[in-house]
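Scroll down for the structure; my scribbles are underneath it.
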């Protein structure tokens, strides 16, 4: 018996595909645009090392809180409405932190844009599952690849724009990109108003009932914890890099501020081919934990290289550290692959990203505190490398291939 052919990728879903891609394009710009120009910002505002560490800590904190709130809000208002609201929040946050008068507006605008990004992070996997359940690997490849673009492009252009037009303009340009994400979701909300009302009035008869209780029940799933651990290691390493790599390279490798921004962009650029390949590999591998071990090994090798020979092979070490976040598309793919329906996907996404970003929030702060306490970079890199090994036992759990709902029904 032959299986029914899958519908074409664009069939009746073109606007959803565009909306997903444009939303993904905005989910890292605000994070990656700051660290290359902190020196320029500090010339106008009282931004010291502690402030830089706290600013680097804001994204994962906002994302972790979003992991708790987004499933509940989406349950009440509908996925499309909340995704639209997250895109609007990003526009307003970009404008506030670029145009405000002082440090308070920089932090307040950053918190708003990171909250919008956090809701987008949580809801993007279940949106993919709703519209493209027949093409999970393909759509995961699409949006993780676009997210890689949104990660490597800002640090590449941030310092040149700041040098020519000022740091405020360098931050404000990303509001225009966020406006692009708003447009398709307005149409999708209007198109699906009646469907959203029916969904709110007719909960699924499957295991998931309310998003909040199911989110709490995820703590009883070893698979959920394993995916969360993989996500946490990726988030901790990535946000430490975004907050501190430019300054680390300036001090240890003797590069300029613009070169440091370019190397940070290289770190993010490495994620582009990784995002193209990893979801397809994960969908075909019986033991996806092997990919997790590859990511852990790359992270550790890169940090050790920056520790022992930062100036002799700087590009190589940055590339290796950039390969470590292959754990990120693996985790995003598993959020959908290890659940059966959209509500379970929302709950698992909320759980994984809450745990992951809570741990990830410690990355920039811990890195900065250890640097301040020791006066050097060796201890922060050693500690971060050791924490990366948490993903090793998670890889063994993920090799079992268990679906989360099966564990919760035991």
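For the residues 295, 324, 305, the requirement of being more than 19 Å from the chain's Cα centre (by Cα) and assigned to a helix (DSSP H, G or I) singles out 305.
Against the list (1) more than 30 Å from residue 190 (Cα to Cα); (2) without any contact (Cβ under 8 Å) to a residue 12 or more places away in the chain; (3) out of contact with any helix residue (DSSP H, G or I) (no Cβ under 8 Å at 6 or more places or on another chain), the condition residue 14 fails is (1). The single residue among 376, 363 that is under 26 Å from residue 245 (Cβ atoms) and not in a helix (DSSP H, G or I) turns out to be 376. For first residues located in the range 307-330 and farther than 21 Å from residue 378 by Cα, partners that are outside any helix (DSSP H, G or I) and lie 6+ apart or on another chain with Cβ distances below 8 Å form the pairs 330/288.
Sort through 292, 300 and tell me the only one that's in contact (Cβ under 8 Å) with a residue 40 or more places away in the chain, within 22 Å of residue 361 (Cα to Cα) and either touching a strand residue (DSSP E or B) at 6+ places or on another chain (Cβ under 6 Å) or surrounded by fewer than 24 Cβ atoms within 10 Å (Cβ to Cβ) (or both).
On the way: 292 fails: either touching a strand residue (DSSP E or B) at 6+ places or on another chain (Cβ under 6 Å) or surrounded by fewer than 24 Cβ atoms within 10 Å (Cβ to Cβ) (or both).
Exactly one residue qualifies, and that residue is 300.
Here 197, 193, 130 are screened, and the one residue that is surrounded by fewer than 21 Cβ atoms within 10 Å (Cβ to Cβ), modelled with pLDDT under 85 and closer than 30 Å to residue 273 by Cβ is 130.
Yes/no per residue for (1) on the phi < 0 side of the Ramachandran plot; (2) surrounded by fewer than 18 Cβ atoms within 10 Å (Cβ to Cβ); (3) part of a helix (DSSP H, G or I):
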residue: 244; (1), (2), (3): yes, no, yes
residue: 247; (1), (2), (3): yes, no, yes
residue: 251; (1), (2), (3): yes, yes, yes
residue: 255; (1), (2), (3): yes, no, no
residue: 268; (1), (2), (3): yes, no, yes
residue: 274; (1), (2), (3): yes, no, yes
residue: 282; (1), (2), (3): yes, no, yes
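Based on what the data block shows, is residue 393 on the phi < 0 side of the Ramachandran plot, part of a helix (DSSP H, G or I) and surrounded by fewer than 18 Cβ atoms within 10 Å (Cβ to Cβ)? In short, yes. Kindly indicate whether any position in the range 162-173 is at positive phi and outside any helix (DSSP H, G or I). So far as the range 162-173 goes, yes, one or more of its residues are at positive phi and outside any helix (DSSP H, G or I).
The values are calculated or read from the model by the stated rules, or taken from the named source; none is laboratory data. Everything numeric here is computed off the predicted structure, so don't read it as measured data. All Cβ positions, glycine included, derive from the backbone under ideal geometry; neighbour counts span all protein chains shown.
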